[in-house]
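S.K.: Sharing a structure here in structure tokens format.
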Amino acid sequence: MSALFRLTSRAIALQRSAALNQAATLRLSRSIKTSPKKDETVAAPASVTTEDFANPSPKNWMSYGFDYKSETEDRKATKSTFFVAVTLCLVWGTFYWSYLPDTQLRSWAQREGFLELRRREKAGLDLVSPNYVDPASIVLPSDEDLGDTEIII
């Protein structure tokens, strides 16, 4: 997926640089044009057909950034990119991620804990041994070291 984005970003960068170079050359050779005056009108065709409304002029077309020359190619690239990004990455990626095996062994540790509790209950032992840590290995401060410190148990 990252390769697709890198490829499209490189293509976009090339298209933009080509468009900027073309715009720079046009700026040098363009003449100043004025808009038509308010009272001036363009001669309208004798009859307006439904074909005029069905096929609007592409002069108002704004690119999505995938293709600056062809509207159909721009739309195709946009739709395919969003299809890949949303459907394949988000939907199927989430589905795949949710069914991955337990890599941190959380469910194994929980099962093992329940089995150990059941074994201790059947044997009549405490659920947690009071001597879980060997008392001889614990170094406690003496009464002189504690002084007047209050001990709360």
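The values are calculated or read from the model by the stated rules, or taken from the named source; none is laboratory data. Please read these numbers as outputs of a predicted model, since none were measured by experiment. For neighbour counting, all protein chains shown are included, and Cβ atoms are generated from backbone atoms with ideal geometry for every residue, glycine included. Just so you know, the surface numbers come from the protein's heavy atoms only, side chains and all, with ligands and any DNA or RNA stripped out. Shrake-Rupley method; radii C 1.70, N 1.55, O 1.52, S 1.80 Å.
S.K.: Sorted by accessible area (1.4 Å probe), largest first, how do ILE12, ILE138 line up?
M.R.: ILE138, ILE12
S.K.: Right, something else. Check each of the chymotrypsin sites (Phe, Trp or Tyr not before Pro) in the range 61-141 and keep only those in coil by DSSP with at most 16 other C-beta atoms within 10 angstrom; list them in order. Walk me through the numbers before you get to the answer.
M.R.: Details: sites: TRP61, TYR64, PHE66, TYR68, PHE82, PHE83, TRP92, PHE95, TYR96, TRP97, TYR99, TRP108, PHE114, TYR132; in loops: TRP61, TYR64, PHE66, TYR68, TYR99, TYR132.
Answer by residue number: TRP61, TYR64, TYR68, TYR99, TYR132.
S.K.: For the range 70-153, what class follows from the C-alpha gyration tensor (a ≥ b ≥ c being the square roots of its eigenvalues): rounded when a/c is under 1.5, otherwise prolate if a/b is larger than b/c, else oblate?
M.R.: Oblate, because a/c is 1.5 or more while a/b does not exceed b/c.
S.K.: Top to bottom by accessible area (1.4 Å), largest first, where do LYS79, LYS122 land?
M.R.: Ranked list, largest accessible area first: LYS122, LYS79.
S.K.: Sorted by accessible area (1.4 Å probe), largest first, how do THR78, THR87, THR94, THR103 line up? Display every interim value, and only then the final one.
M.R.: Values: THR78 15, THR87 45, THR94 80, THR103 120 Å².
Highest to lowest solvent-accessible surface, that is THR103, THR94, THR87, THR78.
S.K.: Right, another one. Hey, can you find the accessible area per residue of the range 67-127 for me, probe 1.4 Å, expressed in square angstrom? Mind dumping the intermediate values first?
M.R.: On the way: 5390 Å² over 61 residues.
Here the residues of the range 67-127 average 88 Å² of exposed surface.
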